[in-house]
Amino acid sequence: MYKILIIEDDRTIARVMAEYLRKWNYEVIYVTDFKNILKQVVEFHPHLILLDVMLPFFNGFYWCGEIRKISKVPIMFISSMQDNMNMIMAMNMGGDDFIVKPFDLNVLTAKVRALIRRAYSFQGEINVREHKGAILNLSDATLTYQDKKLELTKNEYKILELLMEHAGKVVTREEIMQRLWEDDNFIDDNTLTVNVTRLRKKLAQLGLEQFIITKKGLGYMVK
């Protein structure tokens, strides 16, 4: 089942679109927190985004740019403004299609189906992990937090990926070493300690001083 995220601040329009698209067996949700749109995109992992131009706080062009930093997910802009400049701006920011309000729901559905058909090839999945605003990009081993980006070594990336996969739970030192060994990187207990210490120093540079917590006698966790 393909997943669609609607980013539309008119709750009535968002609800009507969602209900109609669900009849076509899509899993559909719509954004309600317009301050944390990127977080909701990451958590839902949509296959298609319907994005309004006029939104509270930041407009759709801004959010399209932010989404494009982490994903190639297809984006269809929705707007009541049909002038060429808006359409050109939408495409230049990374949009894939544009539909003008008011629109027929059958036309919307046809456009959605066509865009999904063109896109998958499966290049739209969001290849990231997110926890409390920190975004780990699995494709280039970087961590982004509050517009700052951090380059990670292979070991640092593997450690952080495992901890973020199990956010809120303790991961034992043995489990972390086994994950590192999967790449034939046979590290011992002392080397793991060095890697975690170095990773914590890097995280502190982003303002994430307490991101990794030590559970004595057990292991580590992010919480």
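The values are calculated or read from the model by the stated rules, or taken from the named source; none is laboratory data. In this text, all values refer to a predicted model and were calculated from it rather than measured experimentally. Positions of Cβ are generated from backbone atoms using ideal geometry, with glycine treated the same way; all protein chains shown enter the neighbour counts. For the accessible areas, the whole protein counts, side chains as well, though only heavy atoms, and no ligand, DNA or RNA atoms are used. Shrake-Rupley method; radii C 1.70, N 1.55, O 1.52, S 1.80 Å.
Indicate, rounded to the nearest 5 percent, the antiparallel portion of the DSSP beta bridges found entirely in the chain.
Numbers: 17 of 33 bridges.
Here the share of antiparallel DSSP bridges comes out near 50 percent.
About the Cα centre of segment 38-188, what is the dipole size in debye to 20, counting +1 per Lys and Arg Cβ and -1 per Asp and Glu Cβ, all else neutral? Kindly include the intermediate steps, with their values, before the conclusion.
Values: 18 positive and 21 negative charges, 93 e Å.
So the magnitude is around 440 debye.
Subtracting the Cα-Cα distance from 0.36 nm times the residue separation, let me have the gained length for ASP104 to TYR120 in nm, one decimal.
Result: 3.3 nm gained on full extension.
How much length would be gained if the chain were fully extended between ASN190 and GLU19, taking 0.36 nm per residue of separation minus their Cα-Cα distance, in nm to one decimal?
Length difference between fully extended and current span is 56.0 nm.
Filter LYS72/LYS132; LYS3/LYS72; LYS69/LYS149; LYS35/LYS69 down to the pairs with a C-alpha to C-alpha distance above 20 Å, please.
LYS72/LYS132
Within segment 5-60, what whole-number % of the accessible surface is contributed by carbon and sulfur, with the 1.4 Å probe and all protein chains included in the calculation?
Accessible surface attributable to carbon and sulfur in segment 5-60 totals 51 percent.
Could you compute the net charge surrounding ARG200? Neighbours are other residues with a C-beta less than 13 Å from the C-beta of ARG200; K and R count +1, D and E count -1.
+1
May I ask you to give the solvent-accessible area per residue for segment 113-223, in square angstrom, as obtained with a 1.4 angstrom probe?
Value for segment 113-223: 56 Å² per residue.
Within segment 165-223, what is the number of lysine pairs with alpha carbons under 19 Å apart, leaving out pairs fewer than eight places apart on the same chain?
Taking segment 165-223 as the scope, the lysine pair count is 7.
Over the Cα atoms of the chain, how large are the radius of gyration and the largest Cα-Cα distance (Dmax), in Å?
Using the Cα atoms of the chain, the pair Rg, Dmax is 20.4, 63 Å.
Which peptide among 151-158, 45-52 comes first, and what is the full order, when sorted by highest mean count of other Cβ atoms within 10 Å?
Details: 151-158: 17.0, 45-52: 24.1.
Going from most to least packed, we get 45-52, 151-158.
What are the extents of the Cα atoms of segment 39-104 along their three principal axes, listed from largest to smallest and rounded to whole Å?
Between the extreme Cα coordinates on each principal axis of segment 39-104 lie 32, 24, 23 Å.
I need the semi-axes of the equivalent ellipsoid of segment 56-160: take the C-alpha gyration tensor, multiply each eigenvalue by 5, square-root it, list largest first in whole angstrom.
Over the Cα atoms of segment 56-160, the semi-axes work out to 32, 17, 10 Å.
State the answer as a single residue: which of PHE98, ILE78, LEU143 lies farthest towards the positive end of the charge dipole of the chain, with beta carbon charges of +1 for Lys and Arg and -1 for Asp and Glu, about the Cα centre.
With unit charges placed on the Cβ atoms, the residue in question is LEU143.
Multiply the residue gap between GLU209 and GLN146 by 0.36 nm, knock off their C-alpha separation, and tell me the result in nm, one decimal place.
Roughly 21.3 nm would be gained on extension.
Solvent-accessible area per residue for segment 1-95 at a 1.4 Å probe radius, Å²? Intermediate values should be presented prior to the final figure.
Numbers: 4620 Å² over 95 residues.
Ligands and nucleic acids excluded, the figure is 49 Å² per residue.
Probe radius 1.4 Å, ligands and nucleic acids ignored: give me the carbon and sulfur share of the accessible area of segment 85-223 as a rounded percent.
Values: 3890 of 7720 Å².
About 50 percent, which is the carbon plus sulfur part of the accessible surface.
What is segment 1-114 by shape, rounded, prolate or oblate, if you read a ≥ b ≥ c off the alpha carbon gyration tensor as root eigenvalues and call it rounded for a/c under 1.5, prolate for a/b larger than b/c, and oblate otherwise?
rounded
Net charge around LEU163, counting only other residues with Cβ within less than 12 Å of its Cβ (Lys, Arg = +1; Asp, Glu = -1)? Each step should come with its number before you reach the end.
Numbers: positive: ARG129, LYS158, LYS169, ARG173, ARG179, ARG200, LYS215, LYS223; negative: GLU156, GLU161, GLU165, GLU175.
Around LEU163, the surrounding residues sum to +4.
Shape of segment 127-169 from its Cα gyration tensor (a ≥ b ≥ c, root eigenvalues): rounded if a/c is under 1.5, otherwise prolate when a/b > b/c, or oblate?
In terms of gyration-tensor shape, oblate.
Considering only DSSP beta bridges with both partners in segment 48-164, what is the antiparallel share in %, to the nearest 5? All intermediate terms of the calculation are to be shown ahead of the outcome.
Numbers: 11 of 19 bridges.
Counting DSSP beta bridges with both partners in segment 48-164, the antiparallel share is about 60 percent.
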